[in-house]
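The values are calculated or read from the model by the stated rules, or taken from the named source; none is laboratory data. If you're wondering where the values come from, they're calculated on a predicted model, not measured in any experiment. FYI the Cβ positions are ideal-geometry reconstructions off the backbone, even for glycines, and counts take in every protein chain you see. The area values use the complete protein model at the heavy-atom level, side chains included, leaving out ligands, DNA and RNA. Shrake-Rupley method; radii C 1.70, N 1.55, O 1.52, S 1.80 Å.
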Amino acid sequence: MTTLAHAMMTAARSADSGLAGPGELDRYPYAEGPVADRVGASVWDATDPELGRVGRRAAGSRGRGLHGQLVQQLGQMIVSGDLGADRPLVPEEIGQRFEVSRTVVRESLRVLEAKGLVSARPNVGTRVRPVSDWNLLDPDIIEWRAFGPQRDDQRRELSELRWTIEPLAARLAAGHGRPEVQQRLADMVEIMGHAMGQGDALTFSRADAEFHSLLIQVAGNRMLEHLSGIVSAALQVSGGPVAGCDRPNEASLAHHARIADALAAGDASGAEAAMRQLLTVHPEVERVVPAPREH
């Protein structure tokens, strides 16, 4: 096993045990202590049972600071519909509910505003915006939808989007990658193979995500490159397979290897075809996005 493969598998196992690996981002940044135990009856708890319920549900996992926790909790509440469109968000009530300062509330609302989830206007205050205004390509919103009641729609939409993006990216990337990039793609395939042999689904998924993200980045199209985060988010969200490469299996691994070989050989048609085959490994995906017709 290469040093890269060993390091990546070790980092993945550390994360699975709750220990953050080097440079790892925490994907589940909720409050560490039970919110219900720390926060007394607030305006939100008294007037809207759903707000208290969601706050308690979000507690108990690892945190990354008050700002990150509040963005995550409010974002999930909005995306799930617990905070409906045009709902006013009063900073004082938020601060009391989550026991955070005005500064934390203000900065968190700014982040949510940048994502299109809320709007702040003079003499009106901050209100939740309708779904049509959300930045649905934001990786956080993708994840929040994938864990909420819209999970089925999110899976379908991600599958359709990937079907549009990745075969084209594979075609464009053929022959464009530098030797070190080609080696990195081959390393990801090797890591996936080792992980599959050891039943390490977490390492497999991380190598998988890097493979697809790197492929898009070397396609030579800057607009496509900006979409690489969407593909990574699609591969990392849970709740069932989004595409065939989400599950470690021999067919998925073989298709990844064919893509890497075609890219190294400059075979644009072969890379595109292998990517299409990869995205339809499982029947679940074929029902969402049918394979191209044979002519």
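Data overview
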{"item": "Positions within the range 75-100 being under 18 Å from A114 (Cα atoms) and touching a helix residue (DSSP H, G or I) at 6+ places or on another chain (Cβ under 6 Å), in sequence order", "result": "G75, Q76, M77, V79, L83, P91"}
{"item": "In the range 215-228, residue modelled with the lowest pLDDT [restricted to those that are open to solvent by less than 30 Å² (accessible area, probe 1.4 Å) and in a helix (DSSP H, G or I)]", "result": "S228"}
{"item": "Identity of the residue in the range 114-138, charged (D, E, K, R) and free of Cβ contacts under 8 Å to residues at least 24 places away in the same chain, that ends up surrounded by the most Cβ atoms within 10 Å (Cβ to Cβ)", "result": "D138"}
{"item": "Top-ranked residue of the range 154-165 - restricted to ones that are over 15 Å from the mean Cα position of the chain (by Cα) and open to solvent by 30 Å² or more (accessible area, probe 1.4 Å), ranked as nearest to D208 (Cα to Cα)", "result": "W163"}
{"item": "In the range 95-113, residue nearest to I78 (Cα to Cα) [restricted to those that are open to solvent by 50 Å² or more (accessible area, probe 1.4 Å) and part of a helix (DSSP H, G or I)]", "result": "E113"}
{"item": "Total residues in the range 166-188, condition assigned to a helix (DSSP H, G or I) and buried (at least 21 other Cβ atoms within 10 Å of the Cβ)", "result": "6"}
{"item": "Qualifying helices (runs of 4 or more DSSP H) (wholly inside the range 237-295; at least 3 residues being modelled with pLDDT of 75 or more)", "result": "250-265, 268-278"}
{"item": "The range 148-169 residues that are in the same structural domain as I259 (by the TED database), paired with ones that are of a type in the set (D, E) and buried (at least 16 other Cβ atoms within 10 Å of the Cβ) (beta carbon under 7 Å, 6 or more apart)", "result": "P167/E272"}
{"item": "R62 being at pLDDT below 90 and over 22 Å from the mean Cα position of the chain (by Cα)", "result": "no"}
